[in-house]
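Each remark here refers to the structure printed beneath this line.
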Amino acid sequence: MFPIRDNIPSRRPPLITLLLIIINSLIFFTLSSASYSTFAGFVYKYGLIPAKVTKLVISGVPFSSSDLYPFITSMFLHGNIFHLISNMWILWLFGDNVEDRMGHIKFLIFYLLSGVIAGVFHMAFNPISPVPVVGASGAIAGVMGAYFVLFPSARIITLVPSFFLVPVFLPIPAVVYLFLWFLTQLYSGMVYSVIGSTTVGGIAWWAHIGGFISGVLLNRLFLRDRY
């Protein structure tokens, strides 16, 4: 099921949502013109590598800023164009309304915090992985978690596969759509944890789970005093 749009217009321009989409896109297209070695080096430097952080924790060596900034910078890197487009589409679909309820600055802080928590969740379930994790999906999952709480009665116009190859668009309640999405992430995360892999096809399931949970639990702390 692919979400097309919701039925709740935002009252104010979603400036931070737009800015995040622009920044992510500019970084991706700038790096896509570089050589593979340059791109890979950038990903290994600014992506979140669980094994590297775990090693520091075990050794007791104090963290430096260079050890911590991948929790933020990894959110602005994407592996391919489909990764970028799918993430930015979901951010646009759900981000405008959540930003509306929080205000620009609070929404930005909430977004970044959700992404950091998502990274911590991924590390907790994949502590010795040497594979760098990149992408905004953990932070976006936080936005989805907030939307789940704040707009449960909204309708998500969803493209549903059809056996007759004719597009079918269904208005699905947001609380149903997002709950089903969360269950698929939880199921996948648990299955691949059992078989010894928490990233399959480039998908960090537990980052999505952690981001969504953070959005559900923390959104109230970031709401506007008046809406």
Just report the Cα centroid separation between region 152-192 and region 1-72, whole Å.
26
Cα-projected label distance for Val191 with Leu217, points at 7 Å along beta-carbon direction, nm
2.6
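Just to verify a number: FRET efficiency for Asn80 and Leu159, C-beta to C-beta distance, R0 = 30 Å, to 0.05? Can you show the working numbers first?
On the way: r = 22 Å, r/R0 = 0.72.
Given R0 = 30 Å and the Cβ-Cβ separation, E is 0.90.
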For Arg12, put the label point 7 Å out on the Cα→Cβ axis and report which residues of region 96-125 keep their amide N under 11 Å from it.
99-107
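Region 112-201: Rg/Rh from Cα coordinates, Kirkwood Rh?
Details: Rg = 15.8 Å, Rh = 15.1 Å.
Using Cα coordinates only, the ratio equals 1.05.
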Estimated inter-spin distance, Ile4 and Ile22, nm [label 7 Å along Cα→Cβ]
2.9
Can you figure out the FRET efficiency of His104 with Leu68, using R₀ = 25 Å and their beta-carbon distance, to the nearest 0.05?
0.50
Which Rg and Dmax, in Å, describe the Cα atoms of the chain?
17.7, 60
At 222 nm, what helix-only mean residue ellipticity would the chain give, in deg cm²/dmol to the nearest 500, using -39500 (n - 2.57) for each DSSP H run of four or more?
-20000 deg cm²/dmol
How far is it, in nm, from the label point at Trp89 to the one at Val149 when both lie 7 Å from their Cα along the line to the Cβ?
2.8
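Arranged from highest to lowest average of other beta-carbon atoms within 10 Å per residue, in what order do the peptides 51-64, 138-151, 21-34, 77-90 appear? Display every interim value, and only then the final one.
Numbers: 51-64: 11.7, 138-151: 26.9, 21-34: 13.6, 77-90: 17.0.
Ranked from most to least packed, the peptides come out as 138-151, 77-90, 21-34, 51-64.
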Partner aspartates and glutamates for Lys52 [C-alpha distance under 16 Å; skip if fewer than 8 residues away on the same chain]:
Asp67
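We did not get these values from a lab; they are worked out from the coordinates using the rules stated. Model, not experiment: these values are computed from the prediction. All Cβ positions, glycine included, derive from the backbone under ideal geometry; neighbour counts span all protein chains shown.
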